[in-house]
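The values are calculated or read from the model by the stated rules, or taken from the named source; none is laboratory data. Model, not experiment: these values are computed from the prediction. Because the Cβ atoms are built from the backbone with ideal geometry, glycine has one as well, and the counts that use them run over all protein chains shown. These accessible areas exclude ligands, DNA and RNA; they are computed on the full protein's heavy atoms, side chains included. Shrake-Rupley method; radii C 1.70, N 1.55, O 1.52, S 1.80 Å.
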Amino acid sequence: MNLAFRFSYFGDRFFGSQMQPDLRTVEGEFIEACRILRLFEDWREAGFATAGRTDRGVHARCQVCSFKTDKPELAIETLNRVLPADIWCTGWAEAPEGFHPRYSAVSRTYRYYFSAPGNVAAMHEAAQEFVGRHDFSAFARAGDRNPERRILAARVFTDGRFAVFEVTGESFLWNMVRCMATALGRVGRGEAEAGEISRLLSGLAGQRVAAAPPEGLILWDIEYGVTFRPLPIDPKSSRYLAERHRYHALMAEVSTRLEPE
């Protein structure tokens, strides 16, 4: 059976998602858990693939992988117990014929969290410049790939003490969302106007934007038109999430006490 799993992870303890020799990666840990359970012997023969790569420090609320196995029940019931605490599956589906987690995706949604938001309304207005089909050469490392991408929706909103840039597109280039976040951050701080984004998209600015830090980026959702059946989070991952929450709440409290009066 060809199984698809929707899963989440914190990216700060991984050297990115893609497998690399002698380095801890998301794919490496996932494949190792499958080997421990003997879901497959060779990941290539099993057709193991993910929806795409994320850089070191980038997190995922919804990453998707698929692979073939003759032990689907074992995979569904046990995989979360074997995966490390900072990776957990949230759903599964029997992949339809011809399914590939990367090429079958209809759209992807990312969120970038700003800890010092600035003018959120101005950032939201500027984000609308990204909607539509544009040449994103100034916002990504395109290499030999087509730099044109179609953005379906973009918005900036407030979530607690954060401003959140949410963007949905058919596909994205390397570092594209982080470069878009840098430009919006400049608008929020009053260092640039929305017109700068339009100039960058037109190529008139003659420059490329630097990528924002990876820690604020989350792969938020991937749309396939496939229904994933929910999976319960393993207790070790629940404890890990609770520990992370307590730590960040403490750091937020400490940072407010360090602010000058």
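Once the piece of chain linking Asp159 and Ile233 is laid out straight, how much longer is it, given 0.36 nm per residue of separation minus the C-alpha distance between them?
Extra length from Asp159 to Ile233 when fully extended: 24.2 nm.
If you take the Cα centroid of region 139-177 and the Cα centroid of region 62-121, the two points sit 19 Å apart.
3J(HN,Hα) along region 31-41: 5, 5, 4, 5, 5, 4, 7, 6, 6, 7, 8 Hz, from the Karplus curve 6.51 cos²θ - 1.76 cosθ + 1.60 with θ = phi - 60°, whole Hz, x for Gly and Pro. Take each peptide in 127-138, 235-246, 147-158, count the other Cβ atoms within 10 Å of every residue, and average; sorted highest first, the result is 127-138, 147-158, 235-246. Evaluating 6.51 cos²θ - 1.76 cosθ + 1.60 at θ = phi - 60° for every residue in region 177-192, the Karplus couplings come out as 5, 5, 5, 4, 5, 4, 4, 5, x, 5, 5, x, 8, x, 8, 7 Hz, glycine and proline recorded as x.
Counting protein heavy atoms only, the chain has 49 percent of its accessible area on carbon and sulfur, 1.4 angstrom probe. One entry in (i) 56, 47, 35; (ii) 58, 41, 35; (iii) 72, 39, 28 is Cα extents along the principal axes in Å calculated from the shown coordinates; its label is (i). In this simple spin-label model, placing a label point 7 Å from the Cα along the Cα-to-Cβ direction at both Arg150 and Ile76 gives a separation of 3.5 nm. In this structure the amide hydrogen of Arg141, modeled in the peptide plane, comes within under 5 Å of the amide hydrogens of Trp174, Met176, none closer than 5 places in sequence on its chain.
Assigning unit charges at the beta carbon (Lys, Arg +1; Asp, Glu -1) and nothing else, what dipole magnitude in debye, to the nearest 20, does the chain show about its Cα centre? Write down the numbers at each step before the final one.
Numbers: 33 positive and 34 negative charges, 21 e Å.
About 100 debye.
What accessible area per residue comes out for region 32-135, rounded to a whole number of Å², with a 1.4 Å probe?
Values: 5090 Å² over 104 residues.
Accessible surface, normalised per residue, equals 49 Å².
For the chain, what is the calculated [θ] at 222 nm in deg cm²/dmol (nearest 500), taking -39500 (n - 2.57) for each run of four or more DSSP H residues and dividing by its residue count? The helix-only estimate for the chain comes to -9000 deg cm²/dmol at 222 nm. Annotation: for a label point projected 7 angstrom from Cα along Cα→Cβ of Leu23, residues of region 86-126 with backbone N closer than 19 Å are 87.
Largest mean-square fluctuation among Asn175, Asn146, Asn80, in a Gaussian network model of the chain whose springs join Cα atoms under 10 Å apart, belongs to Asn146.
Relative contact order of the chain, taken over Cα pairs closer than 8 Å and 6 or more residues apart, is 23 percent. Note on region 100-232: with charges restricted to the Cβ of Lys and Arg (+1) and Asp and Glu (-1), its dipole about the Cα centre is near 280 debye.
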